[in-house]
Structure formats: structure tokens, C-alpha cells
Amino acid sequence: MQMFPMPPVRPTPLAELTAIDWAAPVLPALVWMTALSFVPEPSRRKFNAVFVGGAGAAYLGGGFGLWELAFTALATYVAYRGLESYKAIGLAWLMHSCWDLVHHLWGNAILPTIPTSSIGCAVCDAVLAAWFLAGAPSLLRIGRAQA
């Protein structure tokens, strides 16, 4: 008996993707980044570390059995490291994005009623990862500097 068996078959066919499936998930990421630009440091970093750690629970019951638990445990550890490092928070979001992609490619949407939800999460999480890997600069300051 394998400790981490994969599901035997793909649950559903891959959802057909449109341009909106790729573009729309960027909006929630931008809204999140803008809202968090109002939160002062170090609270911004600490809140985001806790948030990305909790986001790992979205995968529990996601269809990959013990692999979901293993992912959540690893993501929680990386999120914990994020209490002191934006790079760790960025890595945690990048891990989420990759796991979302696995769910999409297997045809196992995170939100079963929305077949493209996993790829949408992958895009949103990748945008967040890039922002955090860049040090989560305030979008308010960036906007004021360009004005």
C-alpha cells in the first residue's frame, strides 16, 4: 500500500480557458496588494504570513489525499518563515500557484462548481508571489512617485 497514492483517474476533463480566465484573476491580486499598502510595517508582513499559511487549508479535501496534507504542512512551515521574510511569503504564494496548476491539470478544480477556479487561483497567486518576492512595496508610494 502506497502512503501517498495518486487518484487513479482524472476526475473531470480540463476546462477550456478563455482570455478572461487568464486576465480576471489579476484584479483580486491588485485589490489585495492595494488594500495591504495601507497597512504599516511590520504588521503588513506578519498579517500576510498568517494569511498565506491559512490559505493552505483551501486544499484540504481537494482530492489528492495525503498529498494535500503534505502540501499544507510544507506551506504552513514556509508561511511561518514569512513572519520574518517577504521572500518566504512570496515562496509560499508561488507554492500555492504551482499546487493550483496541479489541480487544474488533473481536472480537479478547487471550487468544483467553477471548472476554471484552479487556474484562476494559480494566476492570482503568481501575481501575489511576484509582489512579495519584490518585497511587497506599497502601491500607494509607487503611484505617488509616478504622479
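The values are calculated or read from the model by the stated rules, or taken from the named source; none is laboratory data. Note that the coordinates shown come from a computational prediction; the quantities given were computed from them, not determined experimentally. Cβ sites come from the backbone with ideal geometry, for glycine too, and all protein chains shown count toward neighbours.
Name every residue in the stretch 26-52 that is modelled with pLDDT under 95 and under 15 Å from Ala122 (Cβ atoms), in order of residue number.
none
Take the residues of the stretch 103-121 that are free of Cβ contacts under 8 Å to residues at least 40 places away in the same chain and in a helix (DSSP H, G or I): which is surrounded by the fewest Cβ atoms within 10 Å (Cβ to Cβ)?
In the first step, residues of the stretch 103-121 are kept if they are free of Cβ contacts under 8 Å to residues at least 40 places away in the same chain; the result is 111-114, 117-118.
Imposing the further condition that a residue be in a helix (DSSP H, G or I) reduces the set to 117-118.
Details: Ser117: 19, Ser118: 24.
For the stretch 103-121, the residue satisfying everything is Ser117.
Among what's in the stretch 20-45 and is part of a loop (DSSP other than H, G, I, E, B) and of a type outside the set (Phe, Trp, Tyr), pick the residue that is surrounded by the most Cβ atoms within 10 Å (Cβ to Cβ).
My answer is Pro25.
Can you find, within the stretch 83-92, the residue that is nearest to Ala130 (Cα to Cα) among those that are free of Cβ contacts under 8 Å to residues at least 40 places away in the same chain and in contact with a helix residue (DSSP H, G or I) (Cβ under 7 Å, 6 or more places away or on another chain)?
Ala88
For the stretch 53-71, state whether one or more residues are modelled with pLDDT of 85 or more, over 12 Å from the mean Cα position of the chain (by Cα) and not in a helix (DSSP H, G or I).
Checked the stretch 53-71: no residue is modelled with pLDDT of 85 or more, over 12 Å from the mean Cα position of the chain (by Cα) and not in a helix (DSSP H, G or I).
Counting only residues that are within 16 Å of Arg141 (Cβ to Cβ) and of a type outside the set (Phe, Trp, Tyr), how many does the stretch 23-44 have?
Here the count works out to 10.
Any chance you could count how many residues in the stretch 30-46 are free of Cβ contacts under 8 Å to residues at least 12 places away in the same chain and under 15 Å from the mean Cα position of the chain (by Cα)? Steps first, please.
Kept after step one, since they are free of Cβ contacts under 8 Å to residues at least 12 places away in the same chain, are these residues of the stretch 30-46: 31, 35, 39-43.
Still in the list and also under 15 Å from the mean Cα position of the chain (by Cα): 31.
Counting residues in the stretch 30-46 that are free of Cβ contacts under 8 Å to residues at least 12 places away in the same chain and under 15 Å from the mean Cα position of the chain (by Cα) gives 1.
May I ask you to verify whether Leu140 is under 20 Å from Ala35 (Cα atoms), in contact with a helix residue (DSSP H, G or I) (Cβ under 8 Å, 6 or more places away or on another chain), surrounded by fewer than 20 Cβ atoms within 10 Å (Cβ to Cβ) and aliphatic (A, V, I, L, M)?
Criteria met by Leu140.
Given the criterion charged (D, E, K, R), buried (at least 19 other Cβ atoms within 10 Å of the Cβ) and touching a Leu at 6+ places or on another chain (Cβ under 8 Å), identify the matching residue among Asp100, Asp125.
Asp125
Of all the residues that make up the stretch 46-85, how many are crowded, with 20+ Cβ neighbours inside 10 Å and over 21 Å from Ala109 (Cα atoms)?
Within the stretch 46-85, residues that are crowded, with 20+ Cβ neighbours inside 10 Å and over 21 Å from Ala109 (Cα atoms) number 5.
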